[in-house]
1. Out of all DSSP beta bridges with both ends in the chain, state the antiparallel percent to the nearest 5.
2. Which of the trypsin sites (Lys or Arg not before Pro) found in segment 147-214 are in a DSSP loop and have at most 16 neighbouring Cβ atoms, other than their own, within 10 Å?
3. By how many nm would the segment from residue 408 to residue 424 grow when fully extended, if each residue of separation counts as 0.36 nm and the alpha-carbon distance is taken off?
4. Remind me, relative contact order of segment 194-343 in percent, using alpha carbon pairs under 8 angstrom and six or more residues apart?
5. For percent of Cα pairs over 32 Å apart, pick the label among (i) 78; (ii) 48; (iii) 54 that corresponds to the value derived from the coordinates.
6. Can you compute the modelled spin-label distance between residue 278 and residue 252, with each label point 7 Å from Cα toward Cβ, in nm?
7. Which length gain, in nm to one decimal place, applies between residue 306 and residue 489 when the Cα-Cα distance is subtracted from 0.36 nm times their residue separation?
8. Please turn the phi angles of segment 56-66 into ³J(HN,Hα) values with the Karplus equation 6.51 cos²θ - 1.76 cosθ + 1.60 (θ = phi - 60°), one per residue in order, whole Hz, x for glycine and proline.
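Values quoted throughout were computed directly from the atomic coordinates according to the rules given, and no laboratory measurement underlies them. None of these values were measured; they are calculated from a predicted model. Glycine gets a Cβ as well: all are built from the backbone with ideal geometry, and neighbour counts include every protein chain shown.
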Amino acid sequence: MSDLIDDPYEGMNSPEFSVSELSGAIKRMIEGEFSHVRIKGEIGRVSLPRSGHVYLDLKDDKSVISGVIWKGVAARLPMRPEEGLEVVATGRITTFPGQSKYQIVIDDMKPAGVGALMAMLEKRKAQLQSEGLFDPARKKPLPYLPEVIGVVTSPSGAVIRDILHRLRDRFPRKVLIWPVAVQGERCAPEVVRGIEGFNALTPGGAMPRPDLIIVARGGGSIEDLWGFNEEAVARAAAASDIPLISAVGHETDTTLIDFVSDVRAPTPTAAAELAVPVRHELLAWVNEQDARMSRALSGALMTKGQRLRDLSRALPRPQSLVETPRQRLDMVSDRLPVGLSKQVQTKRIALSDASGLLRPTVLRRMVDAERRSVTAISDRLAPALVRNTRAKRDMFDARVTRLRPTQLVLQVQDMEEKLSRTVKNFVNVSHSSVVKWKEKITALDRLRETLGYKETLRRGYAVVRSDGDLVTQSTDVKGEVEIEFADGRIVVGKDTQGSKPLPKKAKPTPPEQGSLF
């Protein structure tokens, strides 16, 4: 039945294309017609692989087109592609033959108006706030009078002149300027490097580390101030260990760095006013405090003096305080000679009574009593010495009986027998070890002979040498050839009549076995 169906292309002279040829033709046609286009749409899916390229979708309410941003272009973009952001992308339309799809290769991308920028700003603000970077508890207090102030701003603008002029009027301080671009593509990375650079300085180093950082820029449109809305700038300001004042734009301008900084100043001039106090006001306050302290000290001294005078009037006169003790001293001094005379007389009577008791008969009786006591002790001393000597002699005799010569002789004989047995055992063990070592050496020697090439020669093989070198191939033969057999060697060449077998090498005889001792 299939034979009855006519082929509509039968007999036509149409060319045949391969898949690659057709894909290439479509690619050239599309790239020729759409070499430069601008597309407005909302960013859908965003993919960031490790290669650094960016793959995304641009969509509206009806269609979707794939897009790719190569690594080098992505690094130069003024913004970071985020899902849900409405943008205007500039590039060229091309095809991807591997998947039979078309896509746009994006060379530039910008937000589609102020509304898109504000939407992206609100999204970043909500993300940073959810991470706690806006929390007032993490904000650091500003130093009252910083020694060094670091300013991150443009060195050629009016902002730095206003800051320096205001600092000079209020309280001159050392100022370090980190020059940056305050708008454009280079703004955000340079501001990040400035904040991180000031924090990386070593305290007390050759370059002093600032005690306070001011990030300043004059007013402008939201596009001009957009560098200070970048996430990298906000995170660098939040991570700063040095207190940071943000002074970006005018009072009505608000950027992300204002929310994460420790203090937000409405203008750069106001930032300088927040950084240092007024020197003249500080001097006036110090003088006022000095005057108050002087007045307080004088008043306190006057009050204490008056109190002391009032207390002194309540105290009695010094003369009246010493009158009674002086009278008592006079009375005692009058009684002192009489008391001394009575005391001397009493001591003299006591001495006379004591000397009356020291008569010769009393002393003789005392000496006789002491002599009888010594005699009684000496009578008991002789028997005690005899008993002690007898006990020591008995102890000595008991120890002598234990040291009999026969026991010592028996112990010496026993030790000699033990020594003889030990020596005999040592000799037997040494002899058996030597025998085992000899047997092991003999076995290893037989193994050496078995594995050597001499045994191979006895089985009918031969070793061929040419000019002293071993020959393994026929092409290596040069000049005379020496052949070694099991019973000798012969030389083969132009004249082989003079060759003769070499004498067989004698096998070494094993050493004689003998005793170690």
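1. Values: 36 of 56 bridges.
In the chain, DSSP labels about 65 percent of beta bridges as antiparallel.
2. Values: sites: 161, 166, 168, 170, 173, 174, 186, 193; in loops: 173, 186.
Answer by residue number: 186.
3. Details: separation 16, 0.36 × 16 = 5.76 nm, distance 2.46 nm.
Difference between extended and current length: 3.3 nm.
4. On the way: 132 pairs, mean separation 24.1, N = 150.
Computed over segment 194-343, the figure is 16 percent.
5. The listed entry that was calculated here is (i).
6. 2.9 nm
7. Details: separation 183, 0.36 × 183 = 65.88 nm, distance 13.95 nm.
Stretched fully, the residue 306-residue 489 segment lengthens by 51.9 nm.
8. 8, 10, 10, 9, 10, 6, 10, 9, 9, 10, 7
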